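The structure appears right after this line, and notes come after that.
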Amino acid sequence: MKKTFAVVLSGCGVFDGSEIGEAMMTLLAIEEAGCACQMFAPDKKQMHVVNYLTGQPMAEERNVLTESARIARGNVKDLKTYDPAAFDGLLFPGGFGAGKNLSTFAVDGASMTVDADVEAAIRKTMAAGKPIGAMCIAPVILGRLIPGVKVTVGHDKGTDEALKAMGACPVDVFGPEVVYDEAHNVYTTPCYMLPDATLGVVAACCRNLMAEILAR
């Protein structure tokens, strides 16, 4: 029977939502592995909206679920409806939305909080014994919620220090590697947290993460 993964998006675009390349490479890796997916996002207002030409915030409001529908071609569900019994794992692509909309890491650092629906999804998945995967900056969410969890954000010193302050155990990697925390059934990979990452490297990260999950 084909395995199905839930993918949690945080909007559309690297600076205020999901990193589009990471989201698409995650979906491609799922498809190439012979699996299916369903996308989810929290139904809430974005922290802010960024003008991608200037990098500056704009005076408008957008909704995370509505923006995520751009990546999902409309096929995205409210994260409140997520039930781990219907899925074989839960995946989080990166992008600043992970630290702005799914959590407050971008503002609060190690004092961050996690969106209630995101926390509920993670805790339910763990209780069900299903794997959780996170890419790029998204592992900080797991670092906040799971004491002692092993994760990677590449080798970014500032983020490593924040993870340590939250009680997590960052593991430095320098390529498209996957860090597997067997005790918590968590898989992480750096994607664009690698300073010189290309889309090809991101694709390799996502493929490797899926391969690791499916191997167990």
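The values are calculated or read from the model by the stated rules, or taken from the named source; none is laboratory data. The structure presented is a predicted model; accordingly, all values stated were derived computationally and were not measured. Cβ sites come from the backbone with ideal geometry, for glycine too, and all protein chains shown count toward neighbours.
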Considering segment 133-165, residues that are out of contact with any helix residue (DSSP H, G or I) (no Cβ under 7 Å at 6 or more places or on another chain) and either of a type in the set (S, T, N, Q) or closer than 21 Å to G21 by Cα (or both), and then whichever is surrounded by the fewest Cβ atoms within 10 Å (Cβ to Cβ), we arrive at H155
In segment 2-15, is there at least one residue being more than 14 Å from the chain's Cα centre (by Cα), in a loop (DSSP other than H, G, I, E, B) and among the aliphatic types (A, V, I, L, M)? no
Considering each of K77, K164, K124 in turn, give the residue that is assigned to a strand (DSSP E or B), among the charged types (D, E, K, R), over 15 Å from D181 (Cα atoms) and modelled with pLDDT of 95 or more. K77
From the list L9, L27, pick out the single residue that is closer than 23 Å to I122 by Cα and free of Cβ contacts under 8 Å to residues at least 24 places away in the same chain. L27
Is it true that Y192 is free of Cβ contacts under 8 Å to residues at least 60 places away in the same chain and among the aromatic types (F, W, Y)? no
Any residue in segment 142-153 that's in a helix (DSSP H, G or I) and modelled with pLDDT of 95 or more: show its pairings with residues that are surrounded by 24 or more Cβ atoms within 10 Å (Cβ to Cβ) and of a type in the set (G, A, S) at Cβ separation under 7 Å, as long as the two are six or more apart or on different chains. L142/A134; G143/A168; R144/S103
Checked segment 57-74 for anything in a loop (DSSP other than H, G, I, E, B) and basic (K, R); matches are R62, R73
State which residue pairs qualify: first residue charged (D, E, K, R) and inside segment 155-182, second residue not in a helix (DSSP H, G or I) in any location, beta carbons under 6 Å apart, and separation of 6 or more residues or different chains. D160/P170; D172/H155; D181/V149; D181/K150
Which residue is farthest from the chain's Cα centre (by Cα), if the candidates are limited to segment 172-200 and must be assigned to a helix (DSSP H, G or I) and surrounded by fewer than 18 Cβ atoms within 10 Å (Cβ to Cβ)? G200
Check whether at least one residue in segment 81-91 is in contact with a Leu (Cβ under 6 Å, 6 or more places away or on another chain), assigned to a helix (DSSP H, G or I) and hydrophobic (A, V, I, L, M, F, W, C), and report yes or no. no
Looking at (1) touching a residue at least 24 places away in the same chain (Cβ under 8 Å); (2) touching a strand residue (DSSP E or B) at 6+ places or on another chain (Cβ under 9 Å); (3) more than 21 Å from T188 (Cα to Cα), can you tell me which one Y52 breaks? (2)
